[in-house]
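Report on the following structure.
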Amino acid sequence: MPTAFSTIQLGDSTLKNRIVMSPMTRSRAYGPGSSPTDDMVTYYSQRAGAGMIVTEGTQPSVVGQGYPNTPGLHSDAQVSAWRRVTDAVHAEGGVIFAQLMHTGRIGHPSIYTHPQLPAGPSAVRAAGRIFTAAGMQDFVVPHELTQAEIERTIEDFVAAARNAIRAGFDGVELHGANGYLLHQFLSTNANQRTDSWGGSPLNRVRMVIETTRAVSDAIGASRTALRLSPANPLNDMVEDDYRVTYPLVLSALDDLGLAYLHVLESRAPEFTPVLRQAWSGVFMLNPATPGSHTGPEHLALIENGSADLVSFGHLFIANPDLPERLMIGAPLAVPDMKKAYGGDSHGYTDYPTMHETTNASVR
């Protein structure tokens, strides 16, 4: 029976353990044109002891950006900067996938260098507010994507995936969760279309399926993955028929041979076994943890067969050597979440490993 510290084959890569660093926005891409910096090289290479790293959400296009100082993969400068990250992670024996995240309607005109609106499946404003460089502001009514713009958006994902491979990534994870663009197409409130991209469940799953297939065709299924979060209300999502739509997605994609499926549990953890049963490939789980975070107790999900991989977010911020600590039951540091987004190296690359802490106490 495998444990969290067993190896596993993932596409073309052999993972040294089954503990994955989950994608986490950190808003520190201060390089030219929203590109990675020296601190990002350090940050990711420090955490290369993970079985695999999935990067922060990385926009496939200019309009795909939703938050300040998030990185992109749509320019040569960004590709070159990311290459320094992947080289550093590989030098430490790590595996790293880029998460491609188009935020859709979850954005604001102030984020763009040229006047435009964020884009979504329909002209439906999300309830709530978003952080911008000028502070919190109300969401706006997005531009409704035309048929031609939807096709171009899929092409943007494909181009970004190709850029990720040029940048040295081992693969890409398409972000179809957390209320962002691909998730918006699945929903029953953000997607009010009456054409072939909306309305029925079969039409609303089309964007996720066609984008995943297009990326898989472009870079290979073994280097393509998908993240989903059924019934997740984040960013004003409503999914009245998620028990219908998600099996449709998995049925359409299961035979492609994708690298993995990454499920983020939220309001419907009882639905996870249905997805696990429907997916014949590698199954990664970010378990539901109301009021808390994924912890050592969740390693049992691998031993009992609930998942092949478990992704950790919160704990990887303050514990760059998290797998080693989990293996020996060492104390776990608590991150300072006031320094989670933006800022400099403080609260980012200055968390010590347990060996560094021990050596400092001895001196």
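What follows is calculated from the coordinates using simple rules that are stated; it is not laboratory data. Values in this document were obtained by computation on a predicted structure and should not be read as measured data. Cβ placement follows ideal geometry from the backbone for every residue including glycine, while neighbour counts extend to all protein chains displayed.
As a length-normalised measure over Cα pairs under 8 Å and 6 or more apart, the relative contact order of the chain settles at 17 percent.
Need one number for region 216-304: average projected area of the convex hull over its C-alpha atoms, nm². The partial results should precede the final answer.
Numbers: hull surface 27.1 nm².
Result: 6.8 nm².
Among P331, P233, P68, whose mean-square fluctuation peaks in a Gaussian network model of the chain (Cα, cutoff 10 Å)? Comparing P331, P233, P68 in a Gaussian network model of the chain, the most mobile one is P331.
So for region 30-189, what percent of the C-alpha to C-alpha distances run longer than 25 Å?
Details: 3896 of 12720 pairs.
The share of Cα pairs beyond 25 Å in region 30-189 comes to 31 percent.
Taking other C-beta atoms within 10 angstrom as a stand-in for reagent exposure, K16, K339 fall in the order K339, K16, fewest first. Given springs between every Cα pair under 10 Å in a Gaussian network model of the chain, which of H143, H183, H114 has the largest fluctuation? Sorting by GNM fluctuation, first place goes to H114. Would region 132-285 count as rounded, prolate or oblate if I go by the C-alpha gyration tensor, calling it rounded below 1.5 in a/c and otherwise prolate when a/b exceeds b/c, oblate otherwise? Verdict is rounded for region 132-285. Shape analysis of region 91-169 places it in the oblate category; the axes a ≥ b ≥ c from the Cα gyration tensor give an a/c of at least 1.5, with a/b not above b/c. Ranked for footprinting exposure by Cβ neighbours inside 10 Å, fewest first, M24, M40, M136 give M136, M24, M40.
Spin-label model, E270 to V140: label points 7 Å out along the Cα-to-beta-carbon direction sit 4.2 nm apart. Based on DSSP H segments of at least four residues, each scored -39500 (n - 2.57), the chain has a per-residue ellipticity at 222 nm of -9000 deg cm²/dmol.
Extension gain, R152 to L234, is 26.9 nm, computed as 0.36 nm per intervening residue step minus the present C-alpha separation.
Between R125 and N203, 0.36 nm times their residue separation minus their Cα-Cα distance comes to what?
Details: separation 78, 0.36 × 78 = 28.08 nm, distance 2.10 nm.
Fully extending the segment from R125 to N203 adds 26.0 nm.
Going by C-beta contacts inside 10 Å, put V141, V20 in order with the fewest on the left.
Numbers: V141 14, V20 27.
By the 10 Å Cβ count, ascending: V141, V20.
Taking the alpha carbon gyration tensor of the chain, what are the square roots of 5 times its eigenvalues, largest first, to the nearest whole Å? The partial results should precede the final answer.
On the way: eigenvalues 185, 116, 74 Å².
Semi-axes (√(5λ), whole Å): 30, 24, 19.
Placing a label point 7 Å from the Cα of A278 along the Cα-to-Cβ direction, the residues of region 241-258 with a backbone N closer than 12 Å are 241-254.
Distance between the pseudo-spin-label points of V244 and N304 (7 Å out from Cα toward the beta carbon): 3.2 nm.
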